[in-house]
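The values are calculated or read from the model by the stated rules, or taken from the named source; none is laboratory data. Bear in mind that the values here come from a model prediction, so they are computed numbers and not experimental data. Cβ coordinates were reconstructed from backbone atoms using ideal geometry, including for glycine residues, and neighbour counts include every protein chain displayed. Side chains included, ligands, DNA and RNA excluded: accessible areas come from the protein's heavy atoms. Shrake-Rupley method; radii C 1.70, N 1.55, O 1.52, S 1.80 Å.
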Amino acid sequence: ASAVWAAIEILLQLRHADNSSFPLDSNWKIAVAELSYHGSPTSSMGSHVYSKPPFGMHHRQISYPVPSSITKQEGESEADLNERAKKAFDKFLEVHAHKVEVLLIEPQRGSSGCGETWETETLHYYIDRARSYGISICADEIMCGLGRHGKRSIFLSKSLGLNADAVTFGKAIAGGCGEMLSGVLVKAGAKKLAVTDRTSFQSHTYAGASAKALLTATQVLREVPLWYDAIESINSICNQHFAVYFEKEEAVKVCGQGAMWGLMFTQERDEDRKRSFASFEEISNSLNVRPYYVKRTNGFMISPVYDIDLEVLKEGCLRLQKAVEQSLKSKELDIDSRH
């Protein structure tokens, strides 16, 4: 959440470095994807389960439509889903672009989206269309960055050639040493900020707060490429146990790549999805395997550490596989008694 806010703030500073009269109470907005999560619901961006009283959505955010298995219509192909999403996004920009300052986008969706990936051309389309309206782009890679995406680069934005103005990185970069460290990389603007005596509002709090954390982060950036082969091994195991195994199963959608994978139950009826998810949660716990449960999207996500014992990973994936299979066969679970 701190890194995302730092990104938003510094992009605002850059956009208005030449406009000292930019009113603080103007009706500017931050465009946030549907089904996204960017931090605590009490103070951060995102379309999360707590976006209702007493907290509510952040007053600066406005949600834009994205292609997702969650919003896929019956009988709709992936190509048609992406085309429908593009048209909806164009309509969003026509109506709201004049007040949007920054667009937040996850190159690979995090926990709220069970690791779901974009069709690359569609992702480029979203970014290019937003930029055509003069909107700044922040790629939130706190979940998928630092090599986790499996494309053999530090950031997925670089691997996909995304034209983002800023990219966030998460607490993992400090390896748990010293104070937690997260932040944002900005493509350009250092001289502009210096000349106008501007900076990110949050930089004074965290910059240089812990030499140990900063030194560790520097070493992590050197170390991550040495783990690309390990990430590929994780990807291979997860792909085999989820994507390949459930390839012909219409009741689930497997998501993910690299070391970030997930699965969503996608039956047509909402009650069937909820029943399968509740059953899966119960069965997986009975099998002593506990992924990150995503109740809102009726699914789960896993993000193994890079040095995980691969035999342990295989066993865990096998148990999750069994839990999914058994949950799809469950017909009589009482949802109301559990929720």
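Every condition in (1) in contact with a strand residue (DSSP E or B) (Cβ under 8 Å, 6 or more places away or on another chain); (2) open to solvent by 60 Å² or more (accessible area, probe 1.4 Å); (3) at pLDDT 90 or above holds for TYR37 except the one numbered (3).
Count of the range 140-173 residues, restricted to those that are among the aliphatic types (A, V, I, L, M) and part of a helix (DSSP H, G or I), is 4.
From the set of residues in the range 184-209 that are touching a Ser or Thr at 6+ places or on another chain (Cβ under 9 Å) and open to solvent by less than 60 Å² (accessible area, probe 1.4 Å), which is modelled with the lowest pLDDT? Filtering the range 184-209 for residues that are touching a Ser or Thr at 6+ places or on another chain (Cβ under 9 Å) and open to solvent by less than 60 Å² (accessible area, probe 1.4 Å), the one modelled with the lowest pLDDT comes out as GLN202.
Could you check, for the range 97-107, whether at least one of its residues is without any contact (Cβ under 8 Å) to a residue 60 or more places away in the chain, open to solvent by less than 10 Å² (accessible area, probe 1.4 Å) and in contact with a Leu (Cβ under 8 Å, 6 or more places away or on another chain)? The answer is yes; a qualifying residue exists. Residues in the range 126-162 that are farther than 17 Å from SER182 by Cβ, open to solvent by 60 Å² or more (accessible area, probe 1.4 Å) and touching a residue at least 12 places away in the same chain (Cβ under 8 Å): ASP128, ARG129, ARG131, TYR133, LYS151, ARG152.
Among the criteria (1) open to solvent by 50 Å² or more (accessible area, probe 1.4 Å); (2) in contact (Cβ under 8 Å) with a residue 40 or more places away in the chain; (3) not in a helix (DSSP H, G or I), the one LYS314 does not fulfil is (3). Can you say whether ARG296 is of a type outside the set (Phe, Trp, Tyr), open to solvent by 30 Å² or more (accessible area, probe 1.4 Å), in a helix (DSSP H, G or I) and at pLDDT below 95, as far as the supplied structure shows? Yes; evaluated as a whole, the condition is true for this residue. Determine whether the range 267-286 contains at least one residue that is polar (S, T, N, Q) and either in contact with a Cys (Cβ under 8 Å, 6 or more places away or on another chain) or at positive phi (or both). No, every residue in the range 267-286 fails to be polar (S, T, N, Q) and either in contact with a Cys (Cβ under 8 Å, 6 or more places away or on another chain) or at positive phi (or both). Considered as a group, the residues in the range 94-139 that are assigned to a helix (DSSP H, G or I) and among the acidic types (Asp, Glu) include one that is nearest to ILE302 (Cα to Cα), and that residue is GLU121. Under the condition of being more than 22 Å from the chain's Cα centre (by Cα), aromatic (Phe, Trp, Tyr) and open to solvent by 40 Å² or more (accessible area, probe 1.4 Å), the residues counted in the range 249-293 number 0. For the range 217-261, residues that are touching a Lys or Arg at 6+ places or on another chain (Cβ under 9 Å) and not in a helix (DSSP H, G or I) total 8.
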